[in-house]
Amino acid sequence: MSKDLDYLLKEKRIFEPSKTLVDDTNIKKWMDEHDISDYDELLEKAEENPKWFWDDLARELEWYKPYEKTFEWNPPHAEWFLNGKFNIIHNALDRHAKGTNKNKTAFLWESESGNVRRISYHELYIEVNKFANALKSLGIGKGDTVSIYLPMIPELPIAMLACAKIGAIHSVVFSGFWAKAFQDRINDAGSKVAITADGFPRRGKLLNLKENVDKILENTPTITNLIVVNHADVPVKMEGNRDVWWHEIMENMDTECSTEEMDPEDPLFILYTSGTTGKPKGVVHVHGGYAVGVYSTLKFVFDIKKDDVWWCAADIGWITGHSYIVYAPLLMGVTSLIYEGTPDYPDPGRIWDMIEKYGVSVFYTAPTTVRMFMKFGEEWPEKYDLSSLRLLGSVGEPINPEAWVWYYKIIGREKCPIMDTWWQTETGMHLITPLPISKLKPGSAVKPFPTVKADIVDDNGNSLVGNGGHLVIKSTWPSMFRTLYKDPDRYIEAYWSSFENTYLSGDVARKDEDGYFWIQGREDDVLNVAGHRISTAEVESALVSFPGVAEAAVVGKPDEIKGEEVCAFVVLKQNYIADENLEAALRHHVRCEIGPIATPVCVNMVSDLPKTRSGKIMRRVIKAKVKGEPVGDISTLANPEAVDEIHKLV
Ligand code: PRX
């Protein structure tokens, strides 16, 4: 029996939030206003009448022109807030900058070296307006795409918000990816303008971003300008007519810029995510529904109130950062903390120190971070006063009950419920999640958010209780992605073709007799390394692009801290010799092609890969060997000796 399963069976406790906490929550107050007495009644009523639920929340945002219909659901296509006029920036920024939140801190930013920048709503408004005007001066307008490759600095959200303000579509690429990923995503999006920085510090060492961007811009024909933030004083070469410094272009810009009135269904951003093929999917989110979805979940799941200091410790380059560092907190008019560096730098007290120093009240992180801190020991968080915390959150991968209980006891000091939120780049907002009024079972993401119809089904689409199956969604929700950029067929094929009118999440999960969901992990060829989605196909295509590599297969290897690690098997072309140097070169190559998170922990050279008689690589068999599990049915296997070879290696 695996250690996790053993623990799951032992950990049967149910954790209930205190009455004082529950009585003060946004959701409880909302339920009281609507005469709803408990959690189950809330879920029932909202599922029966989603229009009522979402209308009530959409009313809290401002519409240039009221919408005429809440949603139209013609699976797999949904439209929300039809015929209204809206802009997410009016709600996230303009209305606060001109209202009572004017001087309130919107972003509280701490650099890796400890410098602090507090940017008020009004200051943010000015910066965003100036940058929006700068983009306009470079010919950017409604419907144009802008590609952004920036570290965790305030200029990143400023650039995103400025795009949205003028109706341009931002495409942010995680700065931890190598520049090649930026190149592919610029070309897919067809951006005219790209934004980067000279460099940034990582554990005290300066990394150069611009130098790498220069190389890839030779292969991006649509780019006319590159805007460069001078963040780390790294020496860079500016390219003639193409490159412009952020601070120079901002110098003479007007501090006012009108906000474009958008159709609620107009695209807000593209965010690329891994799928089962090597080509990333450009997930498209829109202004109206996305705004209402992320606003409502932050309000009800994390119970954010006006004086909260909210810290979502993710990277803005991922959906968690887009939704819950940038858009949702600004829509709620609260203070969102942004930290540039790694959580254990310069020592494992860093994040606990920041929670104490800034009085963080709600903290949201990934299980991999929790497990890393468990390893450092309780003495680190125990040195700090964490009494400002009221709620905790988890996202990105299943949280094992052991880590859950540690997080609850050591960080939350047994008074902060943990919101284990299940969602995806595609969903935009939490879909299966506790609310602060829910009873919690460690390791379970509890139940669907109000109105969301989630289910577990077998291969024939029959609902399952107690057994693992496909996690599917059978309703629309406002922040649902609308399509894949320039690839509407793949949108249908990848997500909507397995079961009728049903969204296939790609995860396997189980529902227990109380209706609680237990997410088990991905069912497709997608790995989850430290909460980050990496497709095996992307890593394999990087490996086979290296001279001498004929074939490659990549599987996930269980890891105590990161959940999974990338483990590769390669077959070399004739006359190439397998040695340590080659292994190191291959690991380095993947690092450069994709980024440090995708670097294989091991590259095993083999003479053949297990294949079916039709020549398909049987990753399932390799995976079972790597995990030390039974290989299952191998009746279609053509070359059993390849399995023996792998068996000896792992
Ligand atoms: O496998 C699920 C896992 O992360 C995947 C989505 O990854 P991404 O689009 O990068 O978004 C990550 C942040 C929302 C899911 O298909 N996942 C996400 N949250 C959880 C989770 N697995 C278990 N429990 C969660 N709370």
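The values are calculated or read from the model by the stated rules, or taken from the named source; none is laboratory data. Bear in mind the structure is a predicted one, so any value in this text is a computation, not a measurement. Positions of Cβ are generated from backbone atoms using ideal geometry, with glycine treated the same way; all protein chains shown enter the neighbour counts. To get the accessible areas, we keep the full protein, side chains included, count just its heavy atoms, and leave off ligands, DNA and RNA. Shrake-Rupley method; radii C 1.70, N 1.55, O 1.52, S 1.80 Å.
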(request) Taking the dipole about the Cα centre of the chain, with the C-beta of Lys and Arg at +1 and of Asp and Glu at -1, give me whichever of Gly506, Ile351, Ala403 is farthest to the positive side. (result) Ile351
(message) Nearest 5 percent is fine: what portion of the DSSP beta bridges confined to the chain is antiparallel?
(response) 60 percent
(request) Using the structure shown, list the pairs from Lys281/Lys557; Lys165/Lys486; Lys12/Lys447; Lys130/Lys210; Lys130/Lys486; Lys180/Lys237 with a Cα-Cα distance above 29 Å, or answer none. (result) Lys130/Lys486
(message) Charges on Cβ only, +1 for Lys and Arg, -1 for Asp and Glu, centred on the Cα centroid of the chain; of Ala568, Leu42, Trp52, which one is farthest towards the dipole's positive end?
(response) Ala568
(request) Starting from the Cα coordinates of the stretch 530-649, work out the convex hull volume and express it per residue in Å³. (result) 109 Å³
(message) Taking 2.2 N^0.38 Å as the expected size of a compact globular protein, what ratio does the Cα radius of gyration of the stretch 111-250 give against it, to two decimals?
(response) 0.99
(request) Please get the size of the charge dipole for the chain, origin at its Cα centre, with Cβ charges of +1 on Lys and Arg and -1 on Asp and Glu, quoted in debye to the nearest 20. (result) 500 debye
(request) Please give the length that would be gained between Asn83 and Lys102 if that part of the chain were fully extended, namely 0.36 nm times their separation in residues minus their C-alpha to C-alpha distance (nm, one decimal). (result) 3.8 nm
(request) For Val650 and Cys592, compute 0.36 nm times the residue count separating them, minus their Cα-Cα distance, and round to one decimal in nm. (result) 18.3 nm
(request) May I ask you to give the percent of accessible area on the chain that is carbon plus sulfur, with a probe radius of 1.4 Å? (result) 48 percent
(message) Defining a contact as two alpha carbons under 8 Å apart and six or more residues distant in sequence, what relative contact order in percent does the stretch 530-649 show?
(response) 22 percent
(message) Taking 37 °C and 0.692 mPa s as the conditions, I'd like the Stokes-Einstein D for the stretch 331-394 in µm²/s, using the Kirkwood hydrodynamic radius from alpha carbon pairs.
(response) 263 µm²/s
(request) Just subtract the alpha-carbon distance of Leu464 and Thr636 from 0.36 nm times their residue separation and send over the number in nm, one decimal. (result) 59.1 nm
(message) Given contacts defined as C-alpha pairs under 8 Å and at least six residues apart, what's the relative contact order of the chain, whole-number percent?
(response) 13 percent
(request) Treat each spin label as a single point 7 Å out from the Cα along the C-beta direction, and report the Trp245 to His34 distance in nm. (result) 5.3 nm
(request) For the chain, report the accessible area per residue in Å² (1.4 Å probe, heavy atoms, rounded to an integer). (result) 39 Å²
(request) Run through the DSSP bridge list for the stretch 530-649 and note the antiparallel percent, rounded to the nearest 5. (result) 70 percent
(request) Would you mind checking the pairs Lys142/Lys305; Lys51/Lys299; Lys102/Lys383; Lys279/Lys616 and listing those with alpha carbons more than 29 angstrom apart? (result) Lys142/Lys305; Lys102/Lys383
(message) If packing is taken as the average number of other Cβ atoms within 10 Å across a peptide's residues, how do 226-233, 410-417, 569-576 rank, most packed first?
(response) 226-233, 410-417, 569-576
(request) Enumerate by residue number the trypsin sites (Lys or Arg not before Pro) in the stretch 485-552 meeting two conditions: DSSP loop (anything except H, G, I, E, B), and at most 13 other Cβ atoms within 10 Å of the site's Cβ. (result) Lys486
(message) Nearest 500 deg cm²/dmol is fine: what mean residue ellipticity at 222 nm does the chain get from its DSSP H runs of n ≥ 4 alone, each adding -39,500 (n - 2.57), divided by its residue count?
(response) -8000 deg cm²/dmol
(request) Compute the distance in nm between two label points, each set 7 Å from the Cα along the Cα-to-Cβ direction, one at Phe499 and one at Ser388. (result) 4.4 nm
(request) Equivalent ellipsoid semi-axes for the chain, as square roots of 5 times the alpha carbon gyration tensor eigenvalues: give them largest first, rounded to whole Å. (result) 36, 32, 25
